[in-house]
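Contents: one structure, followed by commentary.
The values are calculated or read from the model by the stated rules, or taken from the named source; none is laboratory data. Given the structure is predicted, the values throughout are model-derived calculations rather than measurements. No Cβ is skipped: glycine too gets one built from the backbone with ideal geometry, and neighbour counts run over all protein chains shown.
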Ligand SMILES: Nc1ncnc2c1ncn2[C@@H]1O[C@H](COP(=O)(O)OP(=O)(O)OP(=O)(O)O)[C@@H](O)[C@H]1O
Ligand SMILES: [Mg+2]
């Protein structure tokens, strides 16, 4: 039997309150003339609060599209087709499913950039050269 007091409160997932982000069976596909590209197809991982998580994989394996999915900013032609991205900035509050938010809605815009950011492979596009990295973080 599980005696962790957080267990029941978190809906049965042990320690869910200690997880900042839980990506759960995420699928992000692109639909176009060439057929369906399953850029992300059943990805699950979590980011514990205060920890650093690295995702490693070969080119084209879906790392960037996973990141863009967390921001709910999938490039044109693609969309999150299923799965959940549970984001819990406040351990005492309920998580919000980023995948279920309107990409252009107020809720997502309040999180994107302000709470969750993405620095692309072209860092000059995301970072200012005249401010320290620490400040920008
Ligand atoms: N805008 C797009 N339209 C259609 N397919 C795309 C688009 N962007 C990415 N893809 C496809 O999604 C898959 C995953 O791409 P992604 O960019 O996430 O890979 P990656 O792991 O970040 O690669 P890299 O290490 O080269 O940055 C690839 O098959 C890619 O061709
Ligand atoms: Mg990439």
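Per-structure values
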{"quantity": "Residues being away from ligand 2 (no atom under 16 Å from the Cβ) and either out of contact with any helix residue (DSSP H, G or I) (no Cβ under 6 Å at 6 or more places or on another chain) or part of a strand (DSSP E or B) (or both) - total across the range 46-58", "calculated": "6"}
{"quantity": "Qualifying residue in the range 29-41 (condition: surrounded by 14 or more Cβ atoms within 10 Å (Cβ to Cβ) and either more than 12 Å from ligand 1 (Cβ to nearest atom) or assigned to a helix (DSSP H, G or I) (or both))", "calculated": "no"}
{"quantity": "Of all residues in the range 59-78 being in contact with a strand residue (DSSP E or B) (Cβ under 7 Å, 6 or more places away or on another chain) and in a helix (DSSP H, G or I), the one that is nearest to ligand 1 (Cβ to nearest atom)", "calculated": "65"}
{"quantity": "Test: residue in the range 77-96 that is within 16 Å of ligand 2 (Cβ to nearest atom) and buried (at least 17 other Cβ atoms within 10 Å of the Cβ)", "calculated": "yes"}
{"quantity": "Cβ-Cβ under 9 Å pairs, at least 6 apart or on other chains, the range 57-69 side surrounded by fewer than 14 Cβ atoms within 10 Å (Cβ to Cβ), far side part of a helix (DSSP H, G or I) and modelled with pLDDT of 95 or more", "calculated": "57/63"}
{"quantity": "Total residues in the range 93-119, condition over 18 Å from residue 63 (Cα atoms) and without any contact (Cβ under 8 Å) to a residue 24 or more places away in the chain", "calculated": "14"}
{"quantity": "Hits in the range 95-119 - residues which are closer than 18 Å to residue 65 by Cα and over 15 Å from the mean Cα position of the chain (by Cα)", "calculated": "104"}
